[in-house]
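Report on one structure; see the data block that follows.
The values are calculated or read from the model by the stated rules, or taken from the named source; none is laboratory data. Being a predicted model, the structure only gives us computed values, none of them experimental. Counting neighbours? That spans all protein chains shown, and the Cβs are built from the backbone with ideal geometry, glycine included. Heads up: the accessible areas ignore ligands, DNA and RNA and are worked out on the full protein's heavy atoms, side chains in. Shrake-Rupley method; radii C 1.70, N 1.55, O 1.52, S 1.80 Å.
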Amino acid sequence: MTQDTIERPRRINNPQAMRTRILDVAADLFQRNGYNATSVHDVVRGAVTTGGALHHHFATKKTLGLAVIAERVAKEVDETAIQPIMTATSAAAGIRTVFNGVADTLERNRAVSGCPLNNLALELSLADTDFREAVNAVFDRWRSALSLRLRADRPDLDASRAHDLATLVVASYSGAMAMAKASQSAEPLRACAKQLETLLGS
């Protein structure tokens, strides 16, 4: 068999798959190390790509960071904190499921790295207006969804009271995750789940 007749593997050019891999790697690195401590080179190395390929999809590190918030962090909040509550038998039951479910995961992993949204909010909100607005938009969508569910459960709640209760739930989750990260314990999440269920069920 000559060299000309050897069938060479063809290189598959899949820009969307590359963009997805870059986002996944960046989201993981930002969560573990922080945005500022993660370099573009770290992302390139983790995604097993080149700087040119990364910059083809994300012109700057900031562009990449904003995409991580919009396409990874917001999606995680929707999947883990919003949808389980929207589909539960009640908002109170859904909140208990969310808080305790996250606590279970943290205990299985034996490590608490914090809430991705909360971590980025604390690190970036004062440093850059675009980051602050992007993070706040996720918080706002989270609160709005919870407010709608609370009003569906409790027609006696007016919009202002439902909004305040939704804010309490989101703030409790964010604070509990910060305490869990500091203590490396899921106990704050379980404590907040118990008290919120009592409050919302009354």
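Numbers for the structure displayed
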item	result
Residue 152 vs. criteria within 18 Å of residue 85 (Cα to Cα) and in contact with a Phe, Trp or Tyr (Cβ under 7 Å, 6 or more places away or on another chain)	no
Residue within segment 183-202 that is open to solvent by 20 Å² or more (accessible area, probe 1.4 Å), within 20 Å of the chain's Cα centre (by Cα) and without any contact (Cβ under 8 Å) to a residue 40 or more places away in the chain present	no
Leading residue by the ranking (least open to solvent (accessible area, probe 1.4 Å)) among those in segment 161-182 that are within 24 Å of residue 31 (Cα to Cα) and free of Cβ contacts under 8 Å to residues at least 24 places away in the same chain	175
Residue identified as over 13 Å from residue 26 (Cβ atoms) and of a type in the set (A, V, I, L, M) among 102, 68, 73	102
Residue 134 being within 16 Å of the chain's Cα centre (by Cα), more than 19 Å from residue 192 (Cβ to Cβ), surrounded by fewer than 22 Cβ atoms within 10 Å (Cβ to Cβ) and of a type outside the set (Val, Ile, Thr)	no
Scan of segment 139-150 for residues that are open to solvent by less than 30 Å² (accessible area, probe 1.4 Å) and either touching an Asp or Glu at 6+ places or on another chain (Cβ under 9 Å) or without any contact (Cβ under 8 Å) to a residue 60 or more places away in the chain (or both), ordered by number	142, 145, 147, 150
Residue among 104, 158, 153 that is over 18 Å from residue 34 (Cα atoms), surrounded by fewer than 14 Cβ atoms within 10 Å (Cβ to Cβ) and touching a residue at least 24 places away in the same chain (Cβ under 8 Å)	104
Residue, farthest from the chain's Cα centre (by Cα), within segment 68-95, restricted to residues that are surrounded by fewer than 19 Cβ atoms within 10 Å (Cβ to Cβ) and among the small types (Gly, Ala, Ser)	90
Complete set of residues in segment 21-77 that are under 21 Å from residue 127 (Cβ atoms) and not in a helix (DSSP H, G or I)	34, 35, 36, 37, 38, 39, 58, 59, 60
